[in-house]
1. Quick check on this structure: which one of R466, R476, R460 is assigned by TED's automatic domain parsing to the domain that holds E565, over 30 Å from D31 (Cβ atoms) and not β-branched (V, I, T)?
2. Return the residues of the stretch 429-485 that are crowded, with 19+ Cβ neighbours inside 10 Å, assigned to a loop (DSSP other than H, G, I, E, B) and among the β-branched types (V, I, T); say none if nothing qualifies.
3. Which one of L281, L309, L326 is free of Cβ contacts under 8 Å to residues at least 60 places away in the same chain and either within 14 Å of N259 (Cα to Cα) or β-branched (V, I, T) (or both)?
4. Specify the residue that is surrounded by the fewest Cβ atoms within 10 Å (Cβ to Cβ); the eligible residues are those in the stretch 488-512 that are in a loop (DSSP other than H, G, I, E, B) and under 21 Å from the mean Cα position of the chain (by Cα).
5. For W69, indicate whether it is aromatic (F, W, Y) and in contact with a strand residue (DSSP E or B) (Cβ under 9 Å, 6 or more places away or on another chain).
6. If you go through the stretch 396-413 one residue at a time, how many are within 20 Å of R374 (Cα to Cα) and surrounded by fewer than 24 Cβ atoms within 10 Å (Cβ to Cβ)?
7. Can you name the number of the only condition in (1) under 31 Å from the mean Cα position of the chain (by Cα); (2) surrounded by 15 or more Cβ atoms within 10 Å (Cβ to Cβ) that G305 fails?
8. Would you point out the residue of the stretch 219-259, among those that are in contact with a Pro (Cβ under 8 Å, 6 or more places away or on another chain) and assigned to a strand (DSSP E or B), that is surrounded by the most Cβ atoms within 10 Å (Cβ to Cβ)?
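The values are calculated or read from the model by the stated rules, or taken from the named source; none is laboratory data. Remember, it's a predicted structure, so these values are computed and weren't measured experimentally. Here Cβ is always computed from backbone atoms with ideal geometry, including for glycine, and neighbour counts include all displayed protein chains.
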Amino acid sequence: MPNLWNLHRRLHLLLAVALLASATAATAADDLRPALLLNGSRDASHELSGRWTYSKDYYRTGLTDINGWVAKSRMQRYRDLDVAAEEAKPGSPVFFEFDMDRGPAMEIPGAWNAATPELRYYDGLMWFQRKFNVQPRPGERSFLRFEAVNYRAYVYLNGKEIGRHEGGFTPFVLEVTQALRSGDNRLTVGVDSRHDAQSIPGEITDWDLYGGITRPVRLIHTPASFIDDATLRLTEAGRLVGSAQLNGAGAANQTVTLNIAALKLQVQARTDAQGVARFELPAPAALKRWSPETPQLYDVQFTAGADTLRERIGFRTIAVKGDQILLNGKPVFLRGVSAHEEELGPNPARRMTESAARALLTEVKQGLGGNYVRLSHYPHSETMLRMADELGLLVWSEIPVYWTVDWDNPVALQKALRMQAETIYRDRNRAALVMWSVGNETPVADNRTRFHVALAKSARELDPGRLISAALLVERQGDVIRIADPLLPHLDVMAINTYAGWYGDDKLDDLKKLRWELPTDKPLIASEFGADALAGEHDSPGTSRAQLRKWTEEYQAAYYRATLEMLHRIPNLRGLSPWVLKDFRSPRREHPVFQNGWNRKGLLSETGQRKAAFDVIAEHYRLLPR
């Protein structure tokens, strides 16, 4: 029996490897571009923000009944129905166990976790409804664009299902031309926040997953044929290269005009049979390159027939040469910080308005004197990326392939590849974005490495003008720290997370003894390092470093001084993103005095109070060579 059991396990492993390889090959051959994008700024766009009613559905009875049967009609919250009017009919035999019109309401966009204390830790299915009035014009098409719904979305318009989406941080677009009616419309969205072994991320994280419609929803009207997406970038050869993708029956053989008024540039191209127009031309001599010091953005306009798409685009190059990161051909050291997508305040709802994004990133740019931000551990909102463009902050972006995933499962790989592609297509016009990360702190194993290699390969194919990295685990033997990761050959930039002096038995004075034996043929970023401190918790004046207490601002500041001294002994260190900009929600962190559901490693408190370590980092960045 043991031999048969071992044979069964080997056969199962071989089958899993074969399936994963097959999924990778199929995805590489397929087009990962979402069917609809509707990127950029458009005239006929209406926000559906505001008060939406909601109804909890913890047992998911609005989708299915027991045994997987169809949900009972009295539970189907997506029905196009005035429940109060039906109930008022004399002698009616029907009754309902929902009423979306008379339900409680919350502000959308925004996570439900912040709406009421009752919903703080709700994890399951929630139904949302928004009524709106519209008068579609003959010949136009209409679409709903959701910037993010966390995690699974089930979308109904006027009682008809129009689409589904999985993935909590990327946009999706659904055409509603046929389902939309002139006058009043009823939009219903089921949102399931629950994660499982096949979701990206998985079931356990160190941040709050924030269920709900967390980013804006827009109703967009277009001509019958329209510009779905357009892109333009600067190559290292000094040329502008780009494309425009038209959608519609008349997409082929159309003239597309590219215009940058500030550069007196106007060129035309014709679409091919697939509706794609391609541009390539020398960059005008007057073009100013985007950089953190001069974040020059240009108003770029694409026009085809009756449709116009507008973008704000900066032009720069990013590359690696030896152990240097080159921005516009010159070495750059990344002085930054990691950040979660949470606005400042005691009850964040992941409602990332322009002012909320500016408040966070201004602390990085002006407060810390930074030129870089690591947007962890998932694609942040479009507002954050555009604000980084405007302020002049280089960006590391990642998808939540985090800690552990069902590495052998081709379904999980497909989800990760599609999420990565949705992010790339959304953000490829952002000059600030210079690096894609394909993972964070994932344990080294053959199946895990195959998974990451597939992501790295796909990212290079979809977006050859940016760098690839991953936040890697390290191995420690005594006082020697090494990277032993087969993923390294597939990365442009190495990155390591280290917490010696906080986790483990090291004292702060032990850090000076640690030796980093790392490859030196590539640039290295210290992607995470940090220690917790409760804002306002202090040691007595004059306390020696050996006697400092964990959780105090003094210990956190001393930790940073010792860690920075240690890290700068690494010869190819080319960037720093300490963990983390501000305290953030995390259900894992439940110390009743210091945490209470917050990870306290922020340089700022959740309300924006600067801790002593903030000034340590700011002073360190001020003294670094420019």
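1. Details: R466 fails: over 30 Å from D31 (Cβ atoms); R460 fails: over 30 Å from D31 (Cβ atoms).
When all the criteria are applied, what remains is R476.
2. Selection gives T442, I483.
3. Numbers: L309 fails: free of Cβ contacts under 8 Å to residues at least 60 places away in the same chain; L326 fails: either within 14 Å of N259 (Cα to Cα) or β-branched (V, I, T) (or both).
Matching residue, one of L281, L309, L326: L281.
4. Taking the stretch 488-512 first, the residues in a loop (DSSP other than H, G, I, E, B) are 491-492, 498-499, 501-502, 504-507.
Filter once more, keeping what is under 21 Å from the mean Cα position of the chain (by Cα): 491-492.
Numbers: L491: 20, D492: 18.
Looking at residues that are in a loop (DSSP other than H, G, I, E, B) and under 21 Å from the mean Cα position of the chain (by Cα), I get D492.
5. no
6. Residues in the stretch 396-413 being within 20 Å of R374 (Cα to Cα) and surrounded by fewer than 24 Cβ atoms within 10 Å (Cβ to Cβ): 2 in total.
7. If we test G305 against (1) under 31 Å from the mean Cα position of the chain (by Cα); (2) surrounded by 15 or more Cβ atoms within 10 Å (Cβ to Cβ), just (1) comes out false.
8. Here is the first cut: in the stretch 219-259, the residues in contact with a Pro (Cβ under 8 Å, 6 or more places away or on another chain) are 221, 238-240, 248.
Of the ones still in play, those that are also assigned to a strand (DSSP E or B) are 221, 239-240.
Details: H221: 19, R239: 13, L240: 23.
Going through the qualifying residues, I end up with L240.
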